[in-house]
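K.L.:
The structure under discussion is supplied below as structure tokens; questions concerning it will follow.
The values are calculated or read from the model by the stated rules, or taken from the named source; none is laboratory data. As the structure is a computational prediction, the values presented were derived from the model and not from experiment. Methodologically, a virtual Cβ is constructed for each residue, glycine included, from the backbone with ideal geometry; neighbour enumeration extends over all protein chains shown.
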Amino acid sequence: MASDSAIQLLDLSKTFGRRQKQVKAVRGINLEVTANQVYGFLGPNGAGKSTTIRMILDLIRPSRGEVHLYGQPIKQNRTILQKRVGGLVEGARFYPFLSGRDNLELIGRTGGFYDAQRIETLLEQVGMADRAARQAGGYSTGMKQRLGLAAALLSDPDLVILDEPTNGLDPAGIQEMRLFIRELVDEQGKTVFLSSHLLSEVEQVCDRVAIINKGEIIREGRVADLLAGQRQLHIEAEPLAGVTAVLGDHYSLTHENNGITLAAAKEETPQIVRKLVANDIAIFQVRSQRQSLEAFFLEATGERAEEQGSRGAGESVSPPSSKKEVSDD
């Protein structure tokens, strides 16, 4: 394995249950995450995201395969998790009767990396300095997420694993989180492994992404490369039923904004227009733009056709995960 790999997953698999009731949550994943980047890990609910993250953090054991962190298998060297890895998974939890600052101090002391000055610096960086003296039991979800990120960074880890870090944050807080995550990589040289359902944010912050569906990696690569080949076409025409009849067998169509939107390669656009005109369809406007990561995700996972009409424009791909072991992905 390359010396600059932060994470390597080798034939990683996880099966829950026994015999007839077995659920194959993760199916032979092979994945390598190079150090010093923001790596997005995406998938619909139940795809295997959280199960994979738990195996990376050694919270559950694989049924088959191995996890290597910085060239070392965690099965034989779990101390690497304490020394080089920090994580925020399934929402932050703290002692409710202690203040935010006291919770961080307790975590630092029990973990062997207490540093009073670092605690104050992190509280400032995550926007919790003015609320650190309040009891954690009174914190909102967003405040707990901010404090959870500070807790994940207490040991000054090389690898930071974040599962839905923007959960509960308002738009301004989401933007702050995005900028801070980029700063961790660009200015502090860390590696961030990020799972999020806010794909517009992932698109802006991640260098590479992997999409997992039904326990298998179905797409992987640089965000720019994955989106380069596809364009999103919005066609305003009449009758729309005719557009559906002509293109429906070849493309996944979405009805929105008095027209139809579909994903297609740039060179297909003239052919699509000619086909519609040949079928006596009146075209009023065709707009072409680079496909968004959300549109690419929906096409890759097959959710576009399944959820068309059940999700409004601009909504998130999936809600934040629940806390059940198998279905919380």
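K.L.:
With the structure loaded, tell me whether L199 is touching a Cys at 6+ places or on another chain (Cβ under 7 Å) and either under 23 Å from Q291 (Cβ atoms) or at pLDDT 95 or above (or both) or whether it fails that test.
P.N.:
No; evaluated as a whole, the condition is false for this residue.
K.L.:
Additional query: For A151, are the conditions met, namely being in the same structural domain as T51 (by TED's automatic domain parsing) and either more than 27 Å from N45 (Cβ to Cβ) or without any contact (Cβ under 8 Å) to a residue 40 or more places away in the chain (or both)?
P.N.:
no
K.L.:
Mind listing just one residue for me: the one in the range 73-87 that is closer than 15 Å to T191 by Cα and of a type in the set (K, R) and, of those, surrounded by the most Cβ atoms within 10 Å (Cβ to Cβ)?
P.N.:
R84
K.L.:
Moving to a separate point now. Filter the range 1-41 for residues that are aliphatic (A, V, I, L, M) and under 18 Å from the mean Cα position of the chain (by Cα) and give the result.
P.N.:
Filtering the range 1-41 for residues aliphatic (A, V, I, L, M) gives 1-2, 6-7, 9-10, 12, 23, 25-26, 29, 31, 33, 35, 38.
Those that are aliphatic (A, V, I, L, M) and under 18 Å from the mean Cα position of the chain (by Cα): A6, I7, L9, A25, V26, I29, L31, V33, A35, V38.
K.L.:
Going by what's in this entry, would V243 be described as β-branched (V, I, T) and under 23 Å from N45 (Cβ atoms)?
P.N.:
Working: β-branched (V, I, T): yes; under 23 Å from N45 (Cβ atoms): no.
So V243 does not fit the description; no.
K.L.:
I need the full set of residues from the range 122-153 which are touching a helix residue (DSSP H, G or I) at 6+ places or on another chain (Cβ under 6 Å) and closer than 21 Å to S195 by Cβ, in order please.
P.N.:
Listed by number, the residues that qualify are V126, G142, L147, A150, A151, L153.
K.L.:
Looking only at strands (runs of 3 or more DSSP E) that lie completely in the range 1-116, which have at least 2 residues being of a type in the set (F, W, Y), closer than 26 Å to N213 by Cα and assigned by TED's automatic domain parsing to the domain that holds M128?
P.N.:
Answer list for the range 1-116: 38-42.
K.L.:
Considering each of D130, D163, D158 in turn, give the residue that is modelled with pLDDT of 95 or more and closer than 21 Å to A35 by Cα.
P.N.:
The match here is D158.
K.L.:
Anything in the range 89-103 that is in contact with a Gly (Cβ under 6 Å, 6 or more places away or on another chain) and at pLDDT 95 or above? List them, or say none. Can you show your working first?
P.N.:
Initially, the range 89-103 is screened for residues in contact with a Gly (Cβ under 6 Å, 6 or more places away or on another chain), giving 92, 96.
Matches in the range 89-103: P96 only.
K.L.:
Within the group R18, R54, R61, which residue is in contact with a helix residue (DSSP H, G or I) (Cβ under 8 Å, 6 or more places away or on another chain) and either basic (K, R) or modelled with pLDDT of 90 or more (or both)?
P.N.:
Unique residue meeting the criteria: R61.
K.L.:
Moving to a separate point now. When the residues of the range 244-279 are filtered to those that are in contact with a Phe, Trp or Tyr (Cβ under 8 Å, 6 or more places away or on another chain) and of a type in the set (G, A, S), which remaining residue is surrounded by the most Cβ atoms within 10 Å (Cβ to Cβ)?
P.N.:
A263
K.L.:
Enumerate the strands (runs of 3 or more DSSP E) found wholly within the range 124-233, keeping only those where 3 or more residues are on the phi < 0 side of the Ramachandran plot and crowded, with 19+ Cβ neighbours inside 10 Å.
P.N.:
159-163, 191-195, 208-213
K.L.:
Considering only the range 284-306, I want to know if a residue exists there that is farther than 30 Å from V38 by Cβ, crowded, with 18+ Cβ neighbours inside 10 Å and among the aliphatic types (A, V, I, L, M).
P.N.:
Checking the range 284-306: not a single residue is farther than 30 Å from V38 by Cβ, crowded, with 18+ Cβ neighbours inside 10 Å and among the aliphatic types (A, V, I, L, M).
K.L.:
Something else: Which of the residues spanning the range 254-300 are part of a loop (DSSP other than H, G, I, E, B), more than 23 Å from C206 (Cβ to Cβ) and in contact (Cβ under 8 Å) with a residue 40 or more places away in the chain?
P.N.:
Across the range 254-300, the qualifying residues are N257, I281.
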